[in-house]
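Rule-based calculations on the coordinates, nothing more; no lab input. This structure is a prediction, so every number in the text was calculated from the model and none was measured.
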Amino acid sequence: MILFFIIGLTLGSFANVLIRRLPQKNINLWTPSHCFQCAHSLSWLELIPIISWCIQKGRCKHCNYSISLLYPLLEGTVAVSFIICFNFSPQLLVACLLSLLSYFFILVIVIDFREKIILNWLNIAISITILCLQLAEHKDISLAFLSTFITAFVGVGLKTAFVKIKNVHALGGGDIKLMSALPLGLEVQQLPY
Ligand SMILES: [Zn+2]
């Protein structure tokens, strides 16, 4: 469980990088982390999840620039979600896949909130993880794509209806792709719920 917590903290720290850099056109995930104010590259001591923020009292060591509370909050949220997945899973593989799924959902929520976009690769990652989860639990996935097709059809229908009747764009393409990915974990008869 402690290992899950530590991995969660580390991936939570990496999530802070992903939510800033993934929506950019020229994605570069491997540039060293730096202060947004003074551009000073951060040492490993300044990158310890939650602890660095607390020790530095939420400020850059070099220029005193305020570092948002959202950084440690996101790290803590990912770590707690990993612990929950670990505690509620019958086996380690399922725990790992559920943790990964919760990680992708957290990324979707934060990036959607900040940028109003749901990235295609996150929808693909969620779809693949749900399918792996179904296989890990020995479930039949032969009809999974039928559920996805039906949901996509309903999503496109709703989007078109909102535009025609109310003249509003209530659903984006990313929303429809996400809601079509989720039923991969459901049986067709569970769809209405
Ligand atoms: Zn600074």
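What to note about this one:
- Net lengthening on full extension, Leu146/His34 (0.36 nm per residue, minus Cα-Cα): 35.7 nm
- Normalised by 2.2 N^0.38 Å, where N counts its residues, the alpha-carbon radius of gyration of the stretch 1-115 equals 1.12.
- For the stretch 44-110, the convex hull drawn through the C-alpha positions has a volume of 94 cubic angstrom per residue.
- Enclosing the Cα atoms of the stretch 79-157 in their convex hull gives a volume equal to 101 cubic angstrom per residue.
- Over the chain, the fraction of Cα-Cα pairs per 10 Å bin, rounded to whole percents and listed from the shortest bin up, is 8, 28, 31, 21, 10, 2.
- Partners for Lys25 among lysines (Cα-Cα distance below 23 Å; same-chain residues under 8 apart left out): Lys116, Lys177
- Taking 0.36 nm per residue of separation and subtracting the current Cα-Cα distance, fully stretching the chain between Arg59 and Lys166 would add 33.8 nm.
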